[in-house]
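Worksheet: one structure, shown below.
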Amino acid sequence: MSSHFWIAMPIDDFFCCANQLMKKYNVSAYVELIGDELGNRNVYVFQENTPDTFIKYFFEPTYHSFYFSCYPFGDIKNPVKFGTFYSPEIAPFTIEGNGGYETDKTREQIYLRQLWKQPDKNIQRFYLALQRKLKTLPGMQNGYVMGKHEYKNLYYLPSSKKIIPNNPHNRDVKGTWEEYYLNYLSDT
């Protein structure tokens, strides 16, 4: 299995599938929001009893990325600081995710990657199990063309929505990522 994985499906369905495996492998999910001010970042943890609260962060304008980690943070009421997941102590226990935003016209692909070349065995087992489970969902298809590029390793659930790449979080993009990418497609 790959250390990079792309899939296009509704984010709530994605976390519904992931939640069962998160319990099995003792993994938590976190979402990161970034404000306009330097250093203004918040990280929120997935709570099984309120998944809708977690999912709504993916539709916030300040949404940046999400993480899966089996690192034992202890008290989840204490906020996880920005950059924590990339530290040498925690990165081996962490998978980074981007994308998942969806509108009535588009669905942004979800991109996952392991942060460490030699990850912790538990997070690696979780990641491999998640990929296997997602690839075998009913209706899942492989290979997709976006613009001029063909993605052979992109898995997706068919939809009337246009699948767009995950947002690179480029500060030079004016307007929304969806508008930028759709304009790019119409110009090519």
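The values are calculated or read from the model by the stated rules, or taken from the named source; none is laboratory data. Just so it is clear, the model here is predicted, and its values are computed rather than measured. Note that we place each Cβ from the backbone using ideal geometry, even for glycine, and neighbour counts take in every protein chain shown.
Results for (1) modelled with pLDDT under 90; (2) closer than 23 Å to CYS17 by Cα; (3) within 19 Å of the chain's Cα centre (by Cα), shown as yes or no for each residue.
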position	(1), (2), (3)
TYR71	yes, yes, yes
ASP75	yes, no, no
LYS81	yes, no, yes
PHE85	yes, yes, yes
GLY97	no, yes, yes
ARG113	no, yes, yes
GLN124	no, yes, yes
TYR127	no, yes, yes
In the stretch 160-175, the residues that are modelled with pLDDT of 70 or more and exposed (fewer than 14 other Cβ atoms within 10 Å of the Cβ)
SER160
Taking first residues from the stretch 148-163 that are at positive phi and outside any strand (DSSP E or B) and second residues anywhere that are modelled with pLDDT under 85 and surrounded by 11 or more Cβ atoms within 10 Å (Cβ to Cβ), the pairs with Cβ under 7 Å that are 6 or more apart or on different chains are none
Test each condition in (1) in a strand (DSSP E or B); (2) surrounded by 13 or more Cβ atoms within 10 Å (Cβ to Cβ) for GLY143 and report the one that comes out false.
(2)
